[in-house]
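The values are calculated or read from the model by the stated rules, or taken from the named source; none is laboratory data. Computed from a prediction, not measured in an experiment: that's the story for all the values here. As a convention, Cβ positions derive from the backbone with ideal geometry for all residues, glycine included, and neighbour counts pool all protein chains shown.
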Amino acid sequence: MAEIKSTLDLVMERTRDLSLSEEEKAAQQKEAFEKRLQGLLQQYADQALNPKSFQQERDALESEYRIHDPGSIVQAVGERIDPSGDNRRWLDLLAALVPQVVSDLETLLTEHRNQGHAIEVEAMARSARMLSQQHAISGAAVLSNTEKDQQFRDQRDRLENRTRTRIKEMLHRAQNQEASSQ
Amino acid sequence: MELASGLHAFIWDTPNVNNCNSYLLRSAEKTILVDPGHAAYFDHVRRGLERIDLTPENIDLVICTHAHPDHMEAARLLTGRASPPLLALHAAEWALVQSMAPYLKATMGVALEDFEPDFFLDEGPLQVGDLALIVHHTPGHSPGGVTLYWPEHKALIVGDLVFNGGLGRTDLPGGDGNQLKQSIRRMSEMDAEWLLSGHGQVLSGAAAIKTNFQQVEQTWFNYI
């Protein structure tokens, strides 16, 4: 008669010969570290942390996981930037992490806003023209719904992607400079 | 029912089923349908149109005084056509619809893209071909509620702002009692011969309308 085994016995038996390689362990550590880092960034976004306490928590996290990768932290902050949104908090954090990049970033975000505004104004004019010429609809009560304009949406998406790429490049460059100066 | 030349009312008078009154504004050049109502009861509007030798295909523009389903849901029956009429409502109302999108999808199977307005309405004059209207933003029942004024007939199309003997409820999302009172007071100052509400009976005559506004204020304002 076969031996009756508990679930735990079965699991132990099946995983007995399983072990992780060093690379797998490192990848697992990195993944866990990045998840915790995102948690810290969310706490910062929710104003539960300020730039100073964020850095303290980050240092503790780096010690716990024995990972020191300032580049990935800066990029993770960069990914939180919404080019069309209010980024004051993220710029404050970047000012603590890579201060030399903040002024250029602010210029880039201002450019983005100006270009975005110009695209929107152009789309509104296009919509008003279309409503007037094709439907004889006009007047101060008419406000364009630019979301109906495919050309506007495409232009806005292209601008957004371009700005995000430039933010990434800017932070990457700043991080490299920081690393080479140490 | 033709109230005045080019001004038609499709009054919903089935008391045990909720649906709104719809109004048709017609000129030599353009036809505007205000508040198409619930999709399930759109035949009510269709029959009204047939009585004046029109079909939904003849509608150039659909305006929704607000985005509650009993006023707006049937708009999707019209926007899906090959040559659909344009759809307009206030931007604040559209923002409310967007915020409720998951519920609308889950409870009514309604997709947002079926209702995307072609343009938004703001306070001010609205010219549609040879039809001249004035749009008033009248929040309270809903944040982006609008009242349409047609000066040619001194007609005030108020949606669910105020009724013959009553006023709009304020307990639905985005409702606001103070805004409702303020909006009603503003509209009570209009030079109106027709008070065309989203529910209930049409009210005609400037004196009757003034009295209605006064009675609504006296009877209900202390409770909201």
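For residues in the stretch A:1-37 being at pLDDT below 75 and in a helix (DSSP H, G or I), which is farthest from A:PRO70 (Cα to Cα)? Ranking the candidates gives A:GLU13 first. Cβ separations smaller than 8 Å between residues 6+ apart or across chains give the following pairs from the stretch B:147-169 residues that are in a strand (DSSP E or B) to residues that are surrounded by fewer than 24 Cβ atoms within 10 Å (Cβ to Cβ) and of a type in the set (D, E, K, R): B:ALA155/B:GLU193.
Residue-by-condition table, conditions (1) among the small types (Gly, Ala, Ser); (2) touching a residue at least 12 places away in the same chain (Cβ under 8 Å); (3) under 21 Å from B:SER22 (Cβ atoms); (4) part of a helix (DSSP H, G or I):
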{"residue": "B:GLY174", "(1), (2), (3), (4)": "yes, yes, no, no"}
{"residue": "B:MET187", "(1), (2), (3), (4)": "no, yes, yes, yes"}
{"residue": "B:LEU196", "(1), (2), (3), (4)": "no, yes, yes, no"}
{"residue": "B:ALA207", "(1), (2), (3), (4)": "yes, no, no, yes"}
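Residues satisfying the criterion are present in the stretch B:44-62 (criterion: polar (S, T, N, Q), more than 13 Å from chain A (Cβ to nearest Cβ), closer than 24 Å to B:LEU148 by Cβ and touching a strand residue (DSSP E or B) at 6+ places or on another chain (Cβ under 6 Å)). Among the residues of the stretch B:99-124, those that are assigned to a loop (DSSP other than H, G, I, E, B), more than 14 Å from every other protein chain (Cβ to nearest Cβ) and at negative phi comprise B:MET100, B:VAL110, B:ALA111. Within the stretch B:24-42, can one find any residue that is over 17 Å from the mean Cα position of the chain (by Cα) and more than 14 Å from every other protein chain (Cβ to nearest Cβ)? Looking through the stretch B:24-42, at least one residue is over 17 Å from the mean Cα position of the chain (by Cα) and more than 14 Å from every other protein chain (Cβ to nearest Cβ). Give me the residue from the stretch A:139-162 that is more than 15 Å from B:LEU89 (Cα to Cα) and within 14 Å of another protein chain (Cβ to nearest Cβ) and, out of that set, surrounded by the fewest Cβ atoms within 10 Å (Cβ to Cβ). That would be A:GLN150.
Mind listing whichever residues of the stretch A:76-105 are of a type in the set (S, T, N, Q) and either farther than 19 Å from A:GLU169 by Cβ or not in a helix (DSSP H, G or I) (or both)?
Initial filter on the stretch A:76-105 (of a type in the set (S, T, N, Q)): A:84, A:87, A:100, A:103.
Once the filter is applied, which keeps residues that are of a type in the set (S, T, N, Q) and either farther than 19 Å from A:GLU169 by Cβ or not in a helix (DSSP H, G or I) (or both), the stretch A:76-105 yields A:SER84, A:ASN87.
In the stretch A:121-128, the condition of being more than 14 Å from chain B (Cβ to nearest Cβ), surrounded by fewer than 16 Cβ atoms within 10 Å (Cβ to Cβ) and either touching an Asp or Glu at 6+ places or on another chain (Cβ under 6 Å) or not hydrophobic (A, V, I, L, M, F, W, C) (or both) is met by at least one residue.
Quick check: is even one residue across the stretch B:125-144 over 23 Å from A:ILE137 (Cβ atoms) and surrounded by fewer than 24 Cβ atoms within 10 Å (Cβ to Cβ)? Looking through the stretch B:125-144, at least one residue is over 23 Å from A:ILE137 (Cβ atoms) and surrounded by fewer than 24 Cβ atoms within 10 Å (Cβ to Cβ).
If you go through the stretch B:1-27 and keep only what is in a loop (DSSP other than H, G, I, E, B) and in contact with a strand residue (DSSP E or B) (Cβ under 9 Å, 6 or more places away or on another chain), you end up with B:MET1, B:SER5, B:GLY6, B:ILE11, B:TRP12, B:CYS20, B:ASN21, B:SER27.
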